[in-house]
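The values are calculated or read from the model by the stated rules, or taken from the named source; none is laboratory data. Small disclaimer: the values here were computed from a predicted structure and weren't measured. Neighbour counts run over all protein chains shown; Cβ positions are idealised from the backbone, glycine included. Side chains included, ligands, DNA and RNA excluded: accessible areas come from the protein's heavy atoms. Shrake-Rupley method; radii C 1.70, N 1.55, O 1.52, S 1.80 Å.
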Amino acid sequence: MPEAIHRAGRPGTALFTDKYELTMLEAALADGTGDRPCVFEVFARRLPPGRRYGVVAGTARLVEALESFRFDEAELELAAGFLAPRTVEWLRDFRFSGDIDGYREGDFYFPGSPILSVSGTFAECVLLETLTLSIFNHDSAIASAAARMVSVADGRALIEMGSRRTHEEAAVAAARAAYLAGFDSTSNLQAAQRYGIPAAGTAAHAFTLLHTTTAGRDEASAFRSQVESLGVGTTLLVDTYDITEGVNTAIAVAGPELGGVRIDSGDLGVLARQVRAQLDGLGATRTKIVMSGDLDEYGIAGLRAEPVDAYGVGTSLVTGSGAPTAGMVFKLVEVDGIAVEKRSAAKESRGGAKRAVRYARRTGTLVEEVVYPARAEQVPPGEGSQVHELMIPLVRGGEAVGDLPTLEESREYLRQGMVRLPWEGLTLSAGDPAIPTRFVREG
């Protein structure tokens, strides 16, 4: 098997998988079918309820994870507990040597979109199922929710602050997916280090409470300490006690040039208006108002008319705002050039390797997506006057393609794409996908 991508020193990813991948591998190696050339595809049968589009995220993370998808001694020791020696030896030499094509990270997907196509032998491709779905289902769910929040924030800043509401590694991936979708910063320093995402954060209620003495609470001392440490441009959390008193104290301590105040509880719309009027009356006309506290896309949309400058979003973001998984599946669609497909009720698949294009009007507005056989000599005609190829090469012969889009490029790609969605596709109301998907079969 040809040598493939690997980066020394990176923790292995081969055991981020389900046991049945390895037991299938053993059976396929034993009966001689493991070497049959196959194509697997990743797609979502449907969008989560109420959603009009999905956002592809996790592509670069998967390509990176493939670099360390190998079985070293610790992994082989575990496998030896339930696999035959021949299979264990096969795993010892395993390097993925196939090809992967897929939608660009930051692109949209709709029901049936073949967002990833994995080609190679059955044995090497089937091992990637769980890892692939773990990454794409999580990251795409977060990016899809984040994109909805960005679209209704109407240009106001968004801070990802959900680390404490999810698994520690999921928090890093969620911060990346949110930034991809247009969030401006994250509270997570691991995400800042790993992906270069701007970090944001000042102080929590605990810091204000810390300054309580036998004489009573001392909010002013807490604010003074923060300003002395972080500068007058910092943001002070003003709702530990009474918000009106907190705002007065904040300006008394920092002066009218205070960078911002944050409110984390209460009726945020009413409070935004009251605090804005109070700040303006104190001469702090440029002091910004940051809102947080269990916000989701609906809460952000409800504050669109209020004098809010930035939003901090935590729990709803890292849980996909009610859709914690994208519902993607990894299905075998072709064996030795023969189309294969599931017929199970409500879990059917479409056989054959596929390509996809998206048509748009001259204005750039998207019209439809067309999915067609990969072996077709011509792209099927569509309704729009512009046609865009959706799948790009990601891996060739087990090696990552060298010029994959960066996180910043993918972020910009999505930003431009949001402008091209039909306006009704950007609404938060339930309805059909933003554009239809048309499937063309061979013949």
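Details
- Residues of the range 136-147 that are in contact with a Ser or Thr (Cβ under 9 Å, 6 or more places away or on another chain) and either farther than 29 Å from residue 415 by Cβ or open to solvent by less than 10 Å² (accessible area, probe 1.4 Å) (or both): 136, 139, 140, 141, 142, 144, 145, 146.
- Residue-level check: of (1) in contact with a His (Cβ under 9 Å, 6 or more places away or on another chain); (2) under 30 Å from residue 231 (Cα atoms), residue 290 misses just (1).
- Residue match in the range 290-297 (condition: part of a loop (DSSP other than H, G, I, E, B), within 19 Å of residue 271 (Cβ to Cβ) and of a type in the set (S, T, N, Q)): yes
- Looking only at the range 59-117, and only at residues there that are hydroxyl-bearing (Ser, Thr, Tyr) and part of a helix (DSSP H, G or I), the one that is farthest from residue 393 (Cα to Cα): 87
- Set 127, 91, 83: member being in contact with an Asp or Glu (Cβ under 6 Å, 6 or more places away or on another chain) and either open to solvent by less than 10 Å² (accessible area, probe 1.4 Å) or basic (Lys, Arg) (or both): 127
- Residue that is nearest to residue 174 (Cα to Cα) [pool: residues in the range 196-215 that are of a type in the set (A, V, I, L, M) and under 22 Å from the mean Cα position of the chain (by Cα)]: 197
- In the range 108-124, residue farthest from the chain's Cα centre (by Cα) [restricted to those that are open to solvent by less than 10 Å² (accessible area, probe 1.4 Å) and within 26 Å of residue 51 (Cβ to Cβ)]: 118
- Selection of the range 366-379 for residues being surrounded by fewer than 16 Cβ atoms within 10 Å (Cβ to Cβ) and either in contact with a strand residue (DSSP E or B) (Cβ under 8 Å, 6 or more places away or on another chain) or among the hydrophobic types (A, V, I, L, M, F, W, C) (or both) yields 376, 379.
- Unique residue being among the aliphatic types (A, V, I, L, M), open to solvent by less than 20 Å² (accessible area, probe 1.4 Å) and touching a strand residue (DSSP E or B) at 6+ places or on another chain (Cβ under 7 Å) when the list is 323, 360, 284: 360
- Hits in the range 244-266 (condition: within 24 Å of residue 217 (Cα to Cα), of a type outside the set (Ser, Thr, Tyr) and open to solvent by 30 Å² or more (accessible area, probe 1.4 Å)): 245, 248, 252, 253, 256, 262, 264, 266
- Subset tally (residues that are farther than 18 Å from residue 192 by Cβ, touching a strand residue (DSSP E or B) at 6+ places or on another chain (Cβ under 7 Å) and outside any helix (DSSP H, G or I)) for the range 137-178: 1
- Residues of the range 190-203 that turn out to be open to solvent by 50 Å² or more (accessible area, probe 1.4 Å) and under 24 Å from residue 261 (Cβ atoms), as a count: 4
- Matching residues in the range 412-433 - criterion: being aromatic (Phe, Trp, Tyr) and farther than 15 Å from residue 56 by Cβ: 423
- For the range 153-170, filtering for residues that are among the hydrophobic types (A, V, I, L, M, F, W, C), touching a Phe, Trp or Tyr at 6+ places or on another chain (Cβ under 9 Å) and open to solvent by 50 Å² or more (accessible area, probe 1.4 Å) leaves 0.
- Residues (over 19 Å from residue 365 (Cα atoms) and either surrounded by fewer than 16 Cβ atoms within 10 Å (Cβ to Cβ) or β-branched (Val, Ile, Thr) (or both)) located in the range 382-402: 392, 393, 395, 396, 397, 401, 402
- Residue in the range 409-420 that is touching a Lys or Arg at 6+ places or on another chain (Cβ under 8 Å) and open to solvent by 20 Å² or more (accessible area, probe 1.4 Å) present: yes
- Matching residues in the range 330-351 - criterion: being surrounded by 18 or more Cβ atoms within 10 Å (Cβ to Cβ) and either in contact with a Cys (Cβ under 6 Å, 6 or more places away or on another chain) or at pLDDT 95 or above (or both): 330, 331, 332, 333, 334
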